[in-house]
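**Q** I have a structure I would like to understand better, so I am pasting it below and will then ask my questions one at a time.
Every number here is computed from the coordinates shown, using simple stated rules; none is lab data. For clarity, every value in this text was computed on a predicted model and none was experimentally measured. FYI the Cβ positions are ideal-geometry reconstructions off the backbone, even for glycines, and counts take in every protein chain you see.
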Amino acid sequence: MLDFSILINNLDTYLEGFKNTVLASIIALIGSFIIGVIVAVMRIAPIKPLNWIGSAYVEFIRNIPLLIIAFFFYIGLPSIGVTLSGFVAGTIALAIYTASFIAEAIRAGIQAVPKGQMEAARSSGLTYLQAMRIIILPQAIKIVIPPIGNQFINLVKNSAILGMIAGLDLMYFGDLVSSHTFVTFPVYIFVAMFYLVLTIPLSLGVGYLEKRLARSH
Amino acid sequence: MIRFDTVNKYFGDFHVLKNINLEINKGEVVVVIGPSGSGKSTMLRCINRLETITDGELTVNDLKVNDKKTDINQLRRNIGMVFQHFYLYPHKTVLENITTAPMKVLKQSKEEAEKVARYYLEKVGIPEKADSYPSQLSGGQQQRVAIARGLAMKPEIMLFDEPTSALDPEMIGEVLDVMKALAKEGMTMVVVTHEMGFAREVADRIIFMDHGQILEQGKPADFYANPKEERARLFLSRILNH
C-alpha cells in the first residue's frame, strides 16, 4: 500500500520542485516555440544561406541527447567563463532541444498550406515576412497543433533532466526526499503523479484547441 | 505600360517563353488564349514577378520587373491578380480578405480600408457576404471577392489567370459580368482565359500563344473571322465547335 505520509511529510519539498518544473516548462515552452518558428521559417525562406543554417540547427540539435545539451550549458559553458545555474542551464537546453522538433513540425505545416496562398499574398504587395506572419503561419498552426502538442508534453516530461544538473525541479527534489527517507520507489510514484497533474491537462488542452480550430474553418 | 522585349524563360531545359515581344497600353484589355501548356499563364505571372524571366527585358511603367533595384512590393501593389483557384485566405472573413493588403501595404486605417472594401463588395454584387468566411461562399462568389480584393489596392493593372476555369458553368457569367464592367471603366487588363464570348465582346486585342510563342495577335473580330495561323485556326475550331 502506498504510504501517503511520505507525500504529506515532504509536501513542501515536492511543491518546491513542482513549482520549478512548472516554471521551467512554461519558459522552455514559450522559448522553444519562438525558436521553432524562426528556424522553420529559415528552413523554407527563399534565401539559401538561411536554409542551411536552419537545416544545420535541426539536424545538429535533434540528433544529440538532451542530457548532453544540458551538460554543455551547465558544465561546458563555465570553461569559457559563463556560469549558469542548473535551473537556467536546464531550461535553455530544454528550449533549444525541443525547438528542433517544433521547427520540423511547423515546417511541415507551412509546406502543407497551398502555394497559392503565398502567391496571392505576395502579389498584393505584402512582404515575404508579412505574408508569412499574417497569411501562412495562422493556417499552418492549425495543421501543426497535434504534433506540437506532443512536443510540449514531451517537453514537460523531459524537464526531469533538470534533476541531473541541480535544476531544483520535481525530479531533483524527488531524489532529495528519497535520500532523506531511504524510501525509493514510492517517492517517485508521487513524483510521477505531479508530472501527470501537468501533462494530462496539457494533453486535454491540446485536444480542445484542436477541436476548436477545426470548427473555425 | 507593360512591355516584353525579347523575353525568354526556361524551366530547367524546358523553353517556356520564346522571344516574347509584347506591348500593352494603358486602358487596354488584352485576352491571351492558346492550348494548355502554351505558356499563357507563365507569361502573365512574369508581369508581377511570380515567375522570373531568364533573359530579355520586361518593364511595367518603365520599371524593370527583374531588376534587383526595383522594389517588387512597390510594383506589385499596383498590379492586382486574380487566380484560377481564387486563393482567398480561408482563416479570414471576406472583409478581412479585402482589407489586409490595404492596411498592411498602403497603411490605410481599419475604418478607411473597410469602407473601401464594402464599396468594392457592393460593386461585385455581394455586399451581404462581408462577414462570411470564404468556405461559406460559392465558387463564383469567392472569385468575385478575389476581384474585389485586387481592386481594393486601386491597381492600374489587373491580371486574370483563368479566372473562370475552376467554376461551375452557372457561375461563370457572374464573374465575367464583373470583369466586363471593369473593362468598360478603362482598367488595364490582361486576361488568360478560354471564354471566347468574353474575349470577343470585351477584348481590345487577342493574343494567341502556342509552344511558348506569340503566334498571332489582332482585334477579336479579325482574329475570329480570319485567323492567319494554321494552329490558331485549329485551336479555334476545337474550342468553338463542341
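**Q** Distance cut-off 21 Å, Cα to Cα: go down the list A:Lys142/B:Lys92; B:Lys92/B:Lys115; A:Lys48/B:Lys18 and report the pairs above it.
**A** Going by Cα-Cα distance, A:Lys48/B:Lys18 fall outside the 21 Å limit.
**Q** How much of the DSSP beta bridge set in the protein assembly as shown is antiparallel, as a percent to the nearest 5?
**A** Expressed as a percentage, antiparallel bridges in the protein assembly as shown total about 55.
**Q** Moving on. How long are the semi-axes of the equivalent ellipsoid of the protein assembly as shown, taking √(5λ) for every eigenvalue λ of the Cα gyration tensor, in whole Å from largest down?
**A** With the √(5λ) rule applied to the protein assembly as shown, the semi-axes are 59, 24, 18 Å.
**Q** Still on this structure: Taking the number of other C-beta atoms within 10 Å as the exposure measure, put A:Arg212, B:Arg231 in order starting with the fewest.
**A** A:Arg212, B:Arg231
**Q** Once you charge only the Cβ atoms, +1 for Lys and Arg and -1 for Asp and Glu, what is the size of the charge dipole of the protein assembly as shown about its Cα centre, to the nearest 20 debye?
**A** 380
**Q** Please report the antiparallel percentage of the DSSP beta bridges confined to chain B, to the nearest 5.
**A** Close to 55 percent.
**Q** Starting at the first residue of region A:206-214, write each ³J(HN,Hα) from the Karplus equation 6.51 cos²θ - 1.76 cosθ + 1.60 with θ = phi - 60°, in whole Hz, x for Gly and Pro.
**A** 5, x, 5, 4, 4, 5, 5, 5, 5
**Q** Also: Could you put B:Ser41, A:Ser25, A:Ser123, A:Ser179 in order, starting from the residue whose Cβ has the fewest other Cβ atoms within 10 Å?
**A** Ordered by Cβ neighbours within 10 Å, fewest first: A:Ser179, B:Ser41, A:Ser25, A:Ser123.
**Q** Looking at this model, which pairs from B:Lys26/B:Lys123; A:Lys157/A:Lys211; B:Lys26/B:Lys154 are more than 18 angstrom apart at the alpha-carbon?
**A** Beyond 18 Å between Cα atoms: B:Lys26/B:Lys123; A:Lys157/A:Lys211.
**Q** Here's something else I'd like to know. Summing Lys, Arg as +1 and Asp, Glu as -1, what charge do residues with Cβ under 10 Å from the Cβ of A:Val41 carry, A:Val41 excluded?
**A** Computed value for this residue: +3.
**Q** If you don't mind, another one. Rounded to the nearest 20 debye, what is the charge dipole size of chain B about its Cα centre when +1 sits on each Lys and Arg Cβ and -1 on each Asp and Glu Cβ?
**A** So the dipole magnitude of chain B works out to roughly 440 debye.
**Q** Relative contact order, percent, of chain A when contacts are C-alpha pairs under 8 Å separated by at least 6 residues?
**A** Across chain A, relative contact order equals 28 percent.
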